[in-house]
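What follows is a set of notes on a single structure, which appears directly below.
The values are calculated or read from the model by the stated rules, or taken from the named source; none is laboratory data. Being a predicted model, the structure only gives us computed values, none of them experimental. Note that we place each Cβ from the backbone using ideal geometry, even for glycine, and neighbour counts take in every protein chain shown.
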């Protein structure tokens, strides 16, 4: 069975892709992994550039076999805009858009969220997600920070945890960061007393190139917090990622919809 990192490194993105059921999330291919594959395919069209932002819309669950189509929306001197779709023979299941930019020398002031206080990962207990619920969780190690846990009816819609891919000790690059940022349970589940599903409708990632360039550890500290949740079940969540040295690695935004289990 191929691992997430190996798939991102080796998948022939111009041919049909087979992932296997062990890389599923809620009912289909894990959303973060699907977006990472789409991003990797788009990056091949924009060499010598840096990803600035990528956004995916999940139209229907993605099966274990699909193909990727990429198109160029704009190609300029400093910015390239691309689109990609994960498709079966009949339907588009995930579509994504991304902005890549040519690195430019500059000295503008930088702004990044500070990392939360957290003990090192080896001092935190492992949290195991039932493989039957999220099969791809067997490829990741999660060590929560603080008292919040999914589906415990807590007071705060926030989850903080260390996370890494189990397959190797490589630090995250932008493509490995994307599935890791989608590796925790939805933060809204921290205030829920019972199991419900919260599939992702839209997922946007903004990597922090400087932090990723300096990354030396496989561990990523994630803090996910629900900023808005309506009585109709629509949930807006923000996620930030840091390395063990406190470097900010990226930010993400998820729009989710609550569904009964």
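Taken together, the residues in the stretch 3-40 that are in contact with a strand residue (DSSP E or B) (Cβ under 9 Å, 6 or more places away or on another chain) and in a loop (DSSP other than H, G, I, E, B) amount to 12.
Among the residues of the stretch 231-247, those identified as more than 14 Å from residue 189 (Cα to Cα) and more than 15 Å from the chain's Cα centre (by Cα) are 231, 232, 243, 244, 245, 246, 247.
For residue 82, state whether it is within 21 Å of residue 184 (Cα to Cα), touching a helix residue (DSSP H, G or I) at 6+ places or on another chain (Cβ under 9 Å) and either in a helix (DSSP H, G or I) or free of Cβ contacts under 8 Å to residues at least 60 places away in the same chain (or both). No: the conditions fail for residue 82. For residue 67, are the conditions met, namely being in a loop (DSSP other than H, G, I, E, B) and surrounded by fewer than 19 Cβ atoms within 10 Å (Cβ to Cβ)? Considered against the rule, which asks whether it is in a loop (DSSP other than H, G, I, E, B) and surrounded by fewer than 19 Cβ atoms within 10 Å (Cβ to Cβ), residue 67 comes out as no. Considering (1) surrounded by fewer than 19 Cβ atoms within 10 Å (Cβ to Cβ); (2) more than 18 Å from residue 129 (Cβ to Cβ), say which one residue 207 fails and leave the rest. If we test residue 207 against (1) surrounded by fewer than 19 Cβ atoms within 10 Å (Cβ to Cβ); (2) more than 18 Å from residue 129 (Cβ to Cβ), just (1) comes out false. The residues of the stretch 218-248 that are surrounded by fewer than 16 Cβ atoms within 10 Å (Cβ to Cβ) and outside any strand (DSSP E or B), listed by number, are 230, 231, 232, 233, 245, 246. Is the stretch 175-182 home to any residue that is buried (at least 20 other Cβ atoms within 10 Å of the Cβ), modelled with pLDDT of 95 or more and assigned to a loop (DSSP other than H, G, I, E, B)? Yes, some residue in the stretch 175-182 is buried (at least 20 other Cβ atoms within 10 Å of the Cβ), modelled with pLDDT of 95 or more and assigned to a loop (DSSP other than H, G, I, E, B).
Taking the stretch 115-139 as the range and being under 20 Å from the mean Cα position of the chain (by Cα), within 29 Å of residue 209 (Cα to Cα) and in contact (Cβ under 8 Å) with a residue 60 or more places away in the chain as the test, the residues that pass are 115, 116, 121, 136, 138, 139. For the stretch 103-157, how many residues are closer than 16 Å to residue 220 by Cα, assigned to a helix (DSSP H, G or I) and touching a helix residue (DSSP H, G or I) at 6+ places or on another chain (Cβ under 8 Å)? The number of residues fulfilling the criteria is 1. Determine if the stretch 185-201 includes at least one residue that is under 30 Å from residue 106 (Cα atoms), within 18 Å of the chain's Cα centre (by Cα) and not in a loop (DSSP other than H, G, I, E, B). No; the residues of the stretch 185-201 include none that is under 30 Å from residue 106 (Cα atoms), within 18 Å of the chain's Cα centre (by Cα) and not in a loop (DSSP other than H, G, I, E, B).
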